[in-house]
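Here is the structure we will look at.
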């Protein structure tokens, strides 16, 4: 994980909002290097976009990262296991407390997951998204949830 600052910040913004898939490939390679030293989970679960945001963006940045990380680590990818069931306001437009409220009951889990998963996303700012997604995974029976992100805001 990197600090959300130059140059990683620029790569993330290009990947997330400007369809720069080459930046996404580089970010996934950097993430793969970082997770090599960590204990591997039994599955990788990307944080999903709501279908309306996915339609606007054209791709899910967390899923694109997760595909490459899963392939490189040989950890099974469980895309679609975590679903965003509410079209929430963009987190970047909200303060810290509002981010947690915004994501309350925004996720659900489909199917069975193993006891230990890595929740994968591009950026962690306040942790509200990861917290809400991890809570849904825990309610579904997952015992351990690790967070794998490219960058963390300080």
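Each reported figure results from applying straightforward, stated rules to the coordinates on display, with no laboratory input. These numbers come from a predicted model, not from an experiment. Because the Cβ atoms are built from the backbone with ideal geometry, glycine has one as well, and the counts that use them run over all protein chains shown.
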Of the listed peptides 42-54, 17-29, what is their order by residue-averaged count of other C-beta atoms within 10 Å, with the highest listed first? 42-54, 17-29
FRET efficiency for residue 92 and residue 135, using Cβ-Cβ distance with R0 set to 30 Å, rounded to 0.05: 0.90
Mean separation of Cα contacts under 8 Å, 6 or more apart, over the residue count of the chain: relative contact order %: 29
Residue 154 to residue 19: FRET efficiency via 1/(1 + (r/R0)^6), r the Cβ-Cβ distance, R0 35 Å, to the nearest 0.05? 0.80
Structure-based [θ]222 nm, the chain - -39500 (n - 2.57) summed over DSSP H runs of at least 4, per residue, nearest 500: -12500 deg cm²/dmol
Whole-Å distance linking the alpha carbon centroid of the range 115-129 with that of the range 40-98 is 9
Could you work out the percent of alpha carbon pairs in the range 2-152 separated by over 26 Å, rounded to a whole number? 19
